[in-house]
Amino acid sequence: MTVVDTTPPPRLPVRDKTAPAHRAWDGMSPMLTRLAAERATGVLVREGGTLYLADGLVVHAESPSATGLDTLLTAHDTLPAEVWRQAVARADDRRGAARLLVEGGHLTEGALQLCHLGALYDAAYFALAASSTPGRFRYGVAHRVGPVLPVAVADLERATVRRRELLHRVWPDATPDTAPLVRTYVTRAPALTARQQKVLDRVDGVRTATDLARELGRQAFHTLVDVRRLVAAGLVAPQEPVPCEPEPHTPTVAERLAYTTDPHITLLKRLRDALEAL
């Protein structure tokens, strides 16, 4: 009996169970991680939004897809819109608009912090989304709102990862997040919360989730959760894209001659054919 000594096969890769715990700060935005380590101050502009940093901490965030701090403060009469505009106009490097509102007695510190953190986390969710273009950082730029409650980059990224996972569990397809929404109908509709009903009542085939959030004065992420739950319940669906109508065909000169009924042109065509036959 001959024994053949063979090289043992390589070990199968084992998934690192600690990876999800580190995913939030190990690669979501390497530039943001580096800026936090440098304790940089300025603004990071990304495809999905902007993040303002002070000493490496995130102090403000904005995104076209998120509901801004101004809307969150003014939509439910927490603050008159004119008072907000005046505070922003008076803000300077020494005192931001947020500090002016508190000092002027227009907002309590708690109300300001609650709304500001809501707007910051809401915008950061979209600003930290995967992008097709690299981010750009400008040193020394500050936002007119001014610092309220700075947030560590690692904490912000962890929260963003949790939000992504929550949306995926509710409904794994992200199409309803950005498409115009239409109502659908099921035989037995599930019971809805008051929040979900208000969202459903405004679905009209034109508004997107971002539009609904701003109209309702709510954070965009919370509206995304409601929208995906409505999609999962069969009550809402993303609007199908309208197919483009083909452009009308313009006949060429040869085609016009081929199908014309004008007797003079018909006679010319016969003469032409006769000459070509010679």
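Every read-out reported here was derived from the displayed coordinates using simple, explicitly stated rules and does not represent laboratory data. Note that this is a predicted model, so its numbers are computed, not measured. Every residue, glycine as well, gets a Cβ built from its backbone with ideal geometry; the counts of neighbours run over all protein chains shown.
Under the combined filter of DSSP loop state and at most 15 neighbouring Cβ atoms within 10 Å, the range 112-206 retains these chymotrypsin sites (Phe, Trp or Tyr not before Pro): 185.
Taking amide H as placed 1.01 Å from N in the peptide plane, residue 236 has its amide H under 5 Å from the amide H of 184, 231, each at least 5 places away in sequence or on another chain. Sparse packing (at most 11 other Cβ atoms within 10 Å of the Cβ) combined with a DSSP loop state is found for the following trypsin sites (Lys or Arg not before Pro) in the range 138-242: 188.
Does the range 91-158 come out rounded, prolate or oblate by the C-alpha gyration tensor, with a ≥ b ≥ c the root eigenvalues, rounded set by a/c under 1.5 and, if not, prolate when a/b is larger than b/c and oblate if not? Cα axes put the range 91-158 in the oblate bin.
The range 162-180 to the range 72-135: how many Å between their Cα centroids? Each part reduced to its Cα centre gives a spacing of 26 Å.
Using the Karplus relation 6.51 cos²θ - 1.76 cosθ + 1.60 with θ = phi - 60°, the per-residue 3J(HN,Hα) values for the range 77-91 come to 6, 5, 8, x, 4, 5, 5, 4, 4, 5, 5, 5, 5, 8, 4 Hz, with x marking Gly and Pro.
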